[in-house]
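The values are calculated or read from the model by the stated rules, or taken from the named source; none is laboratory data. None of the values given here were measured: they were computed from a predicted structure. As a convention, Cβ positions derive from the backbone with ideal geometry for all residues, glycine included, and neighbour counts pool all protein chains shown. Side chains included, ligands, DNA and RNA excluded: accessible areas come from the protein's heavy atoms. Shrake-Rupley method; radii C 1.70, N 1.55, O 1.52, S 1.80 Å.
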Amino acid sequence: MAKHILLIIGGGIAAYKSLFLIRVLARRGIKSTVILTKGGSEFVTALSAGGLSGEKVYTDLFDLTAEAEMGHIELSRSADLVVVAPATADLMAKAAHGIANDLATTTLLATDKRTLYAPAMNVRMWDNPATQRNMKLLQKDGALFIGPDEGEMACGEFGHGRMAEPEAIADTIEKILKGDTTLDGLRGPKPLKGKKALITAGPTREPIDPVRYLSNHSSGKQGYAIAAALGRLGAEVTLVSGPVAIDPPACAKLVKVETARDMLAACEAAMPADIFVSVAAVADWRTDGCAEIKIKKGKSGIPALKLVENPDILASIATAENRPELVIGFAAETNDVIKHAKAKLSKKQCDWIVANDVSGDVMGGDHNSLIVVTKGGEEVFPKLTKTDAARRLAEKIAAELT
Ligand code: C5P
C-alpha cells in the first residue's frame, strides 16, 4: 500500500521548500496530506499545496470538527508519519509543552505516529537555550529531527537555521518509513529497557590550592555520546561527569563531580548497575593535600608538588561485590594500542577495553577510531564521528546483554 505522510507546513520563508518536498515525495510514491498553519498560509497558499498533493488541504480546526466528529484525531492517525516542515520555534515550543490551540498543534498532540521535525528559523532563534531545550524535550519524547543546515539565511545572517533540503528530508522520510532504527531519537526497539547503565565521562580536576588544579584535555564528548546512545536503546542512564563545556543528554541523570575521589564516591552511590562504561580521563595523581590558601609566588622558590595516586574507579567497580554484568574500560594510548588494551583488560578485570589512539586530534575532536578488545578477540570500528561510534558501541552492548 502506498505510504502516506501528514505534512504540517509552518509559518516560515522555507515553506516554499515544502511545496518541493510534496513533489519529491510524490515522485517516490509517497502521498502527502497537508495541514497549513495560519503562519504557513502567509508564505504559500492552500491552492498550491493542494494542487501539488492532489488532496484537500486542512487549515482550520473547527472546519474539520464540523465535517466529522473527532476529525483532527483521525487526521493525525491515518498517516504513517507526521512531518513538520518548516518547524518554527513557535511550533516546536507548543509541541514540546503540549499546547494545542490550532489544528497543527492539536494534531501533534493527538497523533500516535512518529514525528519528524525539519526546523527553519533565524540562527539566534535556533541557538536560543529555549529552542534547544524544546528540541531536547521533543527528542526525549521520541521525535526525530533533520537539520537545520548551516548556511546563509533569508534574513542575511549566516549559521544554523536553514531548513534541510527537500531531497534530504525525503531520504530521511523514506528511511523512517522503511523502519530504519539507526536514526537518532527514533522510537525504535528498546533492547536495554530495564537495564541500568553507569557512565563516567570528562576529566577530573585535582586541586593544588583554591585557584589552581591538575587536569587534562578530555572534552567529555565520547562519554556523553555513549550515555545518549545507551539511553536511546532504553537503558536508564546515570552519567557521572567531571567538568566539561557540553550539554548532557536529556535522557541521562547527571551527577557532576570534580575530583577522582568524588567520582568514585558518586559511582558507588549510583550502584547497582547492569552496565558500567568508564570513559572518564581520570587524573592518575592528585596533590598530597590541597593548600588552604593560594600558594604565593617567589617566597620560598618554586613549590615542589608531592603527588599521590588516585583510586582506580574502573578497577574498584570491576572488583566490587555488586559488580555490574558488563564492565567496559577505555584505553587512550599513543602507541602499541592493542597490546596496552589487552594488558589493561586483565589488570583492571573488565570485560571489554575500548582502545583508542589519541596520538592525533581525538581529545576534544569530533571523531574517533575505536577498537573493542574482549577476551575473545578484537573488533575494529572504522573512523567515525563520536556519535556514530557511540551508537555502534551501544548496539554491541545491547547484543551482548540480550
Ligand atoms: O590506567 P588507565 O588510566 O590507562 O586506564 C584507563 C581506564 O581506566 C579508563 O576506562 C578510565 O576511565 C579508567 N580509570 C579510572 N580511574 C583511574 C584511572 C583510570 O576509572 N584512576
- Just for segment 279-325: of the residues that are assigned to a loop (DSSP other than H, G, I, E, B) and in contact with a strand residue (DSSP E or B) (Cβ under 6 Å, 6 or more places away or on another chain), which one is surrounded by the fewest Cβ atoms within 10 Å (Cβ to Cβ)? D288
- Scanning segment 350-401 for residues that are of a type in the set (G, A, S) and outside any loop (DSSP other than H, G, I, E, B), which turns out surrounded by the fewest Cβ atoms within 10 Å (Cβ to Cβ)? G377
- Here the residues within segment 95-153 that are assigned to a helix (DSSP H, G or I), in contact with a helix residue (DSSP H, G or I) (Cβ under 7 Å, 6 or more places away or on another chain), open to solvent by less than 70 Å² (accessible area, probe 1.4 Å) and within 18 Å of A15 (Cβ to Cβ) are A95, L103, A104, T105, T107, L108
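Hey, among the residues in segment 264-278 that are closer than 18 Å to G329 by Cβ and out of contact with any strand residue (DSSP E or B) (no Cβ under 6 Å at 6 or more places or on another chain), which one's nearest to the ligand (Cβ to nearest atom)?
L264
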- Query: Can you name the residue in segment 234-261 that is buried (at least 24 other Cβ atoms within 10 Å of the Cβ) and in a loop (DSSP other than H, G, I, E, B) and is also nearest to the chain's Cα centre (by Cα) among such residues?
  - Reply: A235
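Quick check on segment 327-344. Is at least one of its residues more than 15 Å from the ligand (Cβ to nearest atom) and under 16 Å from L230 (Cα atoms)?
No, segment 327-344 contains no residue that is more than 15 Å from the ligand (Cβ to nearest atom) and under 16 Å from L230 (Cα atoms).
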